[in-house]
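Undergrad: To start, I am sharing the structure in question, which I have written as C-alpha cells.
Throughout, read-outs are computed from the coordinates displayed, never taken from laboratory work. Computed from a prediction, not measured in an experiment: that's the story for all the values here. Heads up, the Cβs are rebuilt from the backbone with ideal geometry, glycines too, and the neighbour counts pull from every protein chain shown.
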Amino acid sequence: MSRPTSGSPSRLRTVLRWTGRIALALVALLVVAAGSVYALSETRLRRHRDIAAHPFTVRADSATIAMGERLALTRGCKDCHGENLAGNVLIDDPAIGRFAGPNLTMGGRGKHLTDADWERAVRHGLRRDGSQLLVMPSNEFTGFSDEDLAAIVAYARSLPASPKVAPASYVGPVARVLFVTGQIDALPAQKIDHAAPHPARVVPDPTAAYGKYLAAGCQGCHNPSFTGGKIPGTPPEWKPAANITPEGIGHWSESDFVTALRTARRPDGSAIDPQMPVKMTKHMTDTELKALYAYLRTVPRRPYGVR
C-alpha cells in the first residue's frame, strides 16, 4: 500500500485539525489576555481613597468671580468642561472610550457639589465617596491655593444654570491596554501626594517661585521635566511637545517668550502648532508669563524627551 501523498484526504485532515487547534489556542490566549487587562484595569479604576478634609472659604463678590473666570480659562477648565462649564465631550470612540467633562453649573452637577466636593475633585481627583475621577488632571491642580480654588468655585456657581447633561465617561478596550501598560494616566489621583499641605494664597509676582506654581499646568504636555516629546495617550497625528528647558528655549528672551504665548509665533516668526493652547495662555497676565519664563530658566538643561 502506498503512503498518503501531501494532497491526500488523510494529510488534509491532519493539517486542518492542527490548524484548528492552533487557532483555538490563539483565541483562548486572546480571551485570557483581554480578561486579564479588563480585570486589572477595573481593579485600579474602582480603587477608593480616603483623604483629610481641607476647609476653605468661597466668596461670591464680583472681583473673586472675575478672577475665577480668568483662572477657568487660563488653567484649562473651559477646555474640558466647555465654554460655560456646561459640559463637553473630549473623546468619544468605541475603542478608546468616552471622556466627557460634566456640567459644573448650578443646573448640572454643580448644584450638588459642596466646597469639600470641589476640593476633592480639583486637588485630589476624587469624588465624594473616594472613587477616582477619569482623566481629571488633578496632579496639575493639587498645588492650587485656597484663594485660586475658591475663585473658580465662585465663578462656576455664578454661571447661568444649564440643563445640559454630558454623557457618562467610560474606558474603552484600547485605552485599558494603554492604561495598564502605563502609556496613559487615566487616573491622575494615583500620582498625587494627598497629604501635602495647600497654601492659602500665592502672591502673584514675576519670580521663579510663582512661575513654578504656574508651571504645574505645563507638565501634562511637556512632561514633568519640561523636555517635551510624545504626549502620552494622544492620537498619532498629534505633534510632540517642545523642549522648554534652557536646552530648548534657552536662547529666547523674556520678550520672545511672552510674544510666543500670546501670538503663537516663535522668535523666528514661524507658527507654533495649534495644539499649543495659546487660546488660554494669551489671557495670562504679564506677571504670570514673566514668572513662567523666570522659572523655566532655572530648570535643569536636558536633551529633548529625556524625563
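Undergrad: Could you pull out every residue, at least 5 positions away or on a different chain, whose amide H is within less than 5 Å of the one on residue 231? Hs are placed 1.01 Å off N in the peptide plane, and Pro or chain starts have none.
TA: 241
Undergrad: If you don't mind, there's one more thing I want to ask. What does a probe at residue 306 reach in region 247-279, counting residues whose amide N is under 15 Å from the point 7 Å along Cα→Cβ?
TA: Inside the label zone: 247-249.
Undergrad: Given +1 on the Cβ of Lys and Arg, -1 on the Cβ of Asp and Glu, and no further charges, what dipole in debye does region 203-307 carry about its Cα centre, rounded to the nearest 20?
TA: Using only the charged Cβ atoms, the result is roughly 200 debye.
Undergrad: In addition: Using +1 at the C-beta of Lys and Arg and -1 at the C-beta of Asp and Glu, which of 85, 197, 303 has the Cα lying farthest in the positive direction of the dipole of the chain?
TA: 303
Undergrad: Let me ask another. Between residue 263 and residue 145, with labels modelled 7 Å along Cα→Cβ, what's the label distance in nm to one decimal, could you check?
TA: Going from the residue 263 label point to the residue 145 one covers 3.1 nm.
Undergrad: A further question on this structure: Say R0 is 30 Å: what FRET efficiency, to the nearest 0.05, do residue 183 and residue 49 get from their beta-carbon distance?
TA: It comes out at approximately 0.85.
Undergrad: Using a cut-off of 17 Å between alpha-carbon atoms, which aspartates and glutamates can reach residue 279, once sequence neighbours fewer than 8 places away in the same chain are excluded?
TA: Output for residue 279: 69, 79, 83, 288.
Undergrad: Label-point separation (nm) for residue 111 and residue 61, each offset 7 Å from Cα along Cα-to-Cβ?
TA: Placing both labels 7 Å beyond Cα along the Cβ direction yields 3.0 nm.
Undergrad: Also: For helix 9-45, what angle does its Cα long axis make with the longest principal axis of the chain, in degrees from 0 to 90 and rounded to 10?
TA: Compared with the principal axis, the helix lies near 20 degrees.
Undergrad: Right, here's the next one. Amide H to amide H under 5 Å from residue 90: which residues, 5+ apart in sequence or cross-chain, H placed 1.01 Å off N in plane?
TA: Result for residue 90 returns 99, 100, 101.
Undergrad: Using amide H atoms built in the peptide plane, which far-off residues or other-chain residues are under 5 Å from residue 131 H to H?
TA: 49
Undergrad: How many nm separate the modelled label positions at residue 90 and residue 237, each set 7 Å beyond the Cα in the direction of the Cβ?
TA: 1.9
Undergrad: Same structure again: Could you give each residue of region 84-97 its phi-based ³J(HN,Hα) in whole Hz, using Karplus coefficients 6.51, -1.76, 1.60 with θ = phi - 60°, and x for Gly or Pro?
TA: Result, rounded to whole Hz: 10, 6, 8, x, 6, 8, 8, 9, 9, 9, x, 6, 7, x.
Undergrad: Under a point-charge model restricted to the Cβ atoms of Lys and Arg (+1) and Asp and Glu (-1), what is the dipole moment magnitude of the chain relative to its Cα centre, in debye to the nearest 20?
TA: Taking the Cα centre of the chain as origin, the dipole is about 1520 debye.
Undergrad: Still on this model: Residue farthest toward the positive end of the dipole of the chain, with Cβ of Lys/Arg at +1 and Asp/Glu at -1: which of 105, 178, 275?
TA: Final value for the positive-end residue is 178.
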